[in-house]
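Reviewing the structure listed below.
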Amino acid sequence: MIEDYDAIVLAGGRGSRLGGVNKPEVRLAGRRLLDIALAAVSGARRVVVVGDVEVPDGVLLTREDPPFGGPVAGVDAGMAALSAQGVEERSLRSSRGTSERHEGPSPWTVLLASDLPGAEAAVATLLTSEPAAEHDGVCLLDGDGRLQWLLGCYRTEALARRLGERGDPPLTAMWRLLEPLNLLGVPAHGASVEDLDTPADAERWARREGPVEW
């Protein structure tokens with residue numbers, strides 16, 4: 001079971017397949033998709049949202065550079081924000097003459113898309129997995145057995161290493177960033193890994209959960 005983790009929630013993108021709406025702000029049965037994602041990672045030590053959205057108190061907010069630069073740029077921005085927050089926390093504790101058990105970044109980092117209506121059950125399944133020492137991370141699998149990169153939990157050190165190896169110009173595809181890692185694929189065990197990306201998706205989720213509003 002993975003208990004000590006930070007989380008990066010990716011809330012960028014143009015929502016072009018939904019007519020250009022801001023997908024994290026889409027409401028399913030009265031809840032923003034972003035709030036569903038945040039509830040899914042509520043056990044994280046630190047949470048950062050990458051995107052142009054409003055976030056609750058206690059949640060970090062940053063933006064990828066350039067805006068709409070893609071998910072890898074979003075992950076890079078999220079990691080930078082988490083690192084900066086960790087430095088600030090350590091500096092504050094030092095100025096107060098206090099210390100805590102946890103120093104530095106969490107050993108694990110969850111990467112989560114913000115357009116997953118089933119994120120709470122999916123992340124709960126993800127965090128109960130048992131990656132071995134040789135695994136760099138764990139991802140849920142879809143029905144076809146494909147790794148879901150943005151329903152994954154990665155060793156922070158391995159993720160930071162891959163971001164440092166992006167090259168120039170930097171790669172932009174998530175699979176190119178993460179495929180070289182030794183990842184454990186875990187069945188979803190009934191949790192949904194489906195996103196809400198099109199009007200047809202919205203209709204399907206509305207039949208399951210309630211009205212979809214944007």
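Here, each number is a calculation from the coordinates, and none is a lab measurement. Please read all numbers here as calculations on a predicted model, not as lab measurements. Quick reminder, even Gly has a Cβ in these numbers, built from the backbone with ideal geometry, and neighbours come from all protein chains shown.
So the values come out like this:
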read-out: Length released on extending from Ala133 to Arg207, taking residue separation times 0.36 nm less the Cα-Cα span; value: 22.5 nm
read-out: Volume of the Cα convex hull of region 17-90, divided per residue and given in Å³; value: 102 Å³
read-out: The chain: relative contact order as a whole-number percent, Cα under 8 Å and 6+ apart; value: 27 percent
read-out: Considering only the chain, percent of DSSP beta bridges that pair antiparallel, nearest 5; value: 40 percent
read-out: Helical contribution to [θ] at 222 nm, DSSP H n ≥ 4, -39,500 (n - 2.57), averaged over the chain, rounded to 500; value: -9500 deg cm²/dmol
read-out: Mean Cβ count within 10 Å, highest first, over the residues of peptides 39-47, 156-164; value: 39-47, 156-164
read-out: For region 5-207, radius of gyration divided by Kirkwood radius, i.e. Rg to Rh on alpha-carbons; value: 0.96
read-out: Distance between modelled label sites at Thr198 and Asp142, nm, 7 Å Cα→Cβ extension; value: 1.1 nm
